[in-house]
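Q: A single structure is presented below for examination.
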Amino acid sequence: MESPSQDSAKSLDLKWVQRYQEKKSTFLYPTEWVVRTLAGGNYPRLKIDKSRFCGARILDMGCGDGRNLSLLMNLGFKVHACEISETLIDELKQQASQREWEVDFRVGRNTSLPYANGYFDFVLSCSSFYYLSEQVQFETVIQEIGRVCAPGGLFVGNIPDPHNAVLRAGKQMPDGSVLIQDDPFSIRNGVRFMVAHDANQVAALLKPAFKPLAVGHQADDFYGLNVSGYIFVASRV
C-alpha cells in the first residue's frame, strides 16, 4: 500500500500532465527572468562570464513544457532536462523530435536527480526546486542540487516570496514553508512551497552548498494576479 505522501505526489504528477497536455502550443516562449539572467545585458549586480556557456553541461531541472530549452541550446549549452514523470518525458521527447532539439531527457525530482556527482556546470531551476512534498525537508533538496553541480558551477533559480498569488490564504509551516490552500490554477493545493522573505534569507536557504553571487527581486501584477519572488545566481561552494 502506498503512503499518503506517495498518493499526493502521484495526484500532483497527474495534474501537471493534464495541464501540459491541455496547454500544448506551436510556440514556446522562454521565461523572461531566465532570458534576462542568462542572455540579458549589463545589470549592475549581475556579472556572468558568458564565455563559459559554450559546451558546458546545464540541467534544466523541472523543465515543464520545455519553454527554456531552445534558449539554452542557442546559448551554446549541452542541455539536459528532467521532469517528474515518464508521461511528461515522453511528451517532451516528441516535441524534441519535431523541433530538432538536442536534449537528454530523464525522469527526476528535486530530491532524486539521476546524474553523477558534479556532472553539471550549470543548474537551472525555473519555478521548480522549492516544491516540497509532505515528508521532504528543504535541506535535502539543496543537498541534491549541490551533489550534481560541479565545484564552482552555477545554480540559477527563483523562489517565491510571501506575496505571490499562489500562496494567498496559505498555511505557514514550522519549517518556513507555506502549505498551499487556494491555488489560482487549482493544481498545487496541498503542496508546500519554500519561500524567501528577503535576499538574506535566500542566501541562508542555499547554504551550505551554494553562495549567492547576485540576487534580484521580481514583483509583477498581471491584472490582479501577483507573481513575485526572488531570482538568483549562486556558486557551488
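The values are calculated or read from the model by the stated rules, or taken from the named source; none is laboratory data. Bear in mind the structure is a predicted one, so any value in this text is a computation, not a measurement. Note that we place each Cβ from the backbone using ideal geometry, even for glycine, and neighbour counts take in every protein chain shown.
Q: Could you tell me which of the residues Ser127, Ser51 is surrounded by 13 or more Cβ atoms within 10 Å (Cβ to Cβ) and at pLDDT 95 or above? Give the steps one after another, and end with the answer.
A: On the way: Ser51 fails: surrounded by 13 or more Cβ atoms within 10 Å (Cβ to Cβ).
Matching residue, one of Ser127, Ser51: Ser127.
Q: Turning to a different aspect of this structure: May I ask you to say which residue of Gly66, Gly76, Gly41, Gly62 is surrounded by fewer than 18 Cβ atoms within 10 Å (Cβ to Cβ) and at positive phi?
A: Details: Gly66 fails: surrounded by fewer than 18 Cβ atoms within 10 Å (Cβ to Cβ); Gly41 fails: at positive phi; Gly62 fails: surrounded by fewer than 18 Cβ atoms within 10 Å (Cβ to Cβ).
None of the other options fit; the residue is Gly76.
Q: Sticking with this structure for a sec: I'd like the residue in region 130-169 that is touching a Phe, Trp or Tyr at 6+ places or on another chain (Cβ under 8 Å) and small (Gly, Ala, Ser) and, out of all such residues, is surrounded by the most Cβ atoms within 10 Å (Cβ to Cβ).
A: Gly157
Q: Taking region 32-63 as the search range and keeping residues that are in contact (Cβ under 8 Å) with a residue 12 or more places away in the chain and assigned to a helix (DSSP H, G or I), which one is nearest to Arg106 (Cα to Cα)?
A: Val34
Q: All but one of (1) without any contact (Cβ under 8 Å) to a residue 40 or more places away in the chain; (2) in a strand (DSSP E or B) hold for Leu213; which doesn't?
A: Evaluating Leu213 over (1) without any contact (Cβ under 8 Å) to a residue 40 or more places away in the chain; (2) in a strand (DSSP E or B) leaves (1) as the failure.
Q: Can you pull out every residue in region 193-210 that is in a helix (DSSP H, G or I) and over 14 Å from Phe129 (Cα atoms)?
A: Hits for region 193-210 are Ala199, Asn200, Gln201, Ala203, Ala204.
Q: Please name all residue pairs, on different chains or six or more residues apart, with Cβ atoms under 7 Å, provided the first residue is in region 72-96 and is part of a strand (DSSP E or B) and the second residue is polar (S, T, N, Q).
A: Matching pairs, first to second residue: none at all.
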